[in-house]
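What follows is a single structure, written as structure tokens, with notes after it.
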Amino acid sequence: PEVTSIVQLPPNVGLVPNPPPQIDPNIELSGMDPAVFGIPAQAIPPRRVYQRGALSFQWTAEDRNDDKLVYDVYFREVSAADFKLLRSDITENFVSIDTASLADGRYVVRVVAKDVPSNSTAEALTGERTSDPFFVDNSAPTVAAIGQPQITGGTARMIFTASERSTFVARAEYSVNGGEWRPAFAEDGILDGPEERFTVNVDLPAPGAYVIAFRAFDAVGNAGSTRVEIRR
């Protein structure tokens, strides 16, 4: 067997199996190939669903003898020496990991393909592939307001910072008095680093108190926030 590729899906995308096609019992009893009747021979691709904290992987594998394959999936932190078993003897070519159960860090997964279903234990062979490193990040960005708001007429100028330990700051936005969230833009013009600084100009149309909420998201969707009350 040979595992030819491993693909990582975006964060928070889980994979669940689709139900297999219904096969007429008479076809199964006949021993005929279901593909003759238009029933796909290959497994139906899994369905993608939103799963908070999920990291999913799909792989392709082949066996030149057309042996049936099952898979073991292992993982380890990049700095660790040994792999740990995640799933064993699965028939699907995909797996979803709940990263909430893992510490923040860089990890890899290893997929081992086994042709055990078509061979005796003594004759069974294996093939394997290790993924590229990936980040597990369950920590929200740290968000803070810097200094005091500068109020000039009907406008307040406010500065916020957002910092991230494992990945990078991917998005930021602010809200006034519980209203809609509006995008905030990094001072350097691009969100690409673990620490970013934002200047927000807030309209204060009438005298009174205002609550400014600011939040930032990292690359995997964790959000950190802060709020500041100001008065015109």
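Coordinate-derived values only; no laboratory data. Bear in mind the structure is a predicted one, so any value in this text is a computation, not a measurement. All Cβ positions, even for glycine, are placed from backbone atoms using ideal geometry, and neighbour counts span all protein chains on display.
Would you kindly derive the ³J(HN,Hα) couplings of the stretch 8-13 from the backbone phi angles with the Karplus curve 6.51 cos²θ - 1.76 cosθ + 1.60 (θ = phi - 60°), listing them in order in whole Hz, with x for Gly and Pro?
Residue by residue, the stretch 8-13 yields 9, 8, x, x, 6, 9 Hz.
Figure the gain on full extension for R227 and N26 (residue separation times 0.36 nm, minus the Cα-Cα span) and round it to one decimal in nm.
Value of the extension gain: 65.7 nm.
Describe numerically, in nm with one decimal, the distance between label points set 7 Å from Cα along Cα→Cβ at I90 and at Q150.
Distance between label points: 5.4 nm.
Sort 8-18, 159-169 by the packing proxy (mean of other Cβ within 10 Å over each peptide's residues), most packed first. If you can, show how the numbers build up before the last one.
On the way: 8-18: 15.6, 159-169: 20.2.
Result, highest mean Cβ count within 10 Å first: 159-169, 8-18.
When only C-alpha pairs under 8 Å and at least 6 residues apart count, what is the relative contact order of the stretch 96-151, in percent? List each step's numbers first, then the result.
Working: 55 pairs, mean separation 23.1, N = 56.
The value is 41 percent.
First select every other residue whose beta carbon is under 14 angstrom from the beta carbon of D72; then total the charges, Lys and Arg +1, Asp and Glu -1.
+2
At what distance in nm do the modelled label points of R47 and R106 sit from each other, each positioned 7 Å from its Cα along Cα→Cβ?
About 3.7 nm, to one decimal.
Roughly what would the spin-label model give for R182 and A213, points 7 Å off Cα along C-beta, in nm?
Simple spin-label model gives 1.6 nm for this pair.
When the chain is fully extended, how far beyond the present Cα-Cα distance does A80 get from D132, taking 0.36 nm per residue of separation?
17.2 nm is the gain from fully extending A80 to D132.
I'd like the Karplus ³J(HN,Hα) series for the stretch 208-216: coefficients 6.51, -1.76, 1.60, θ = phi - 60°, whole numbers in Hz, and an x wherever there's a Gly or Pro.
The phi angles translate into x, 8, 9, 10, 9, 9, 10, 9, 9 Hz.
Could you order the peptides 205-218, 174-187 from most to least packed, using the average number of other C-beta atoms within 10 Å per residue?
Values: 205-218: 16.6, 174-187: 13.3.
Ranking, from highest mean packing down: 205-218, 174-187.
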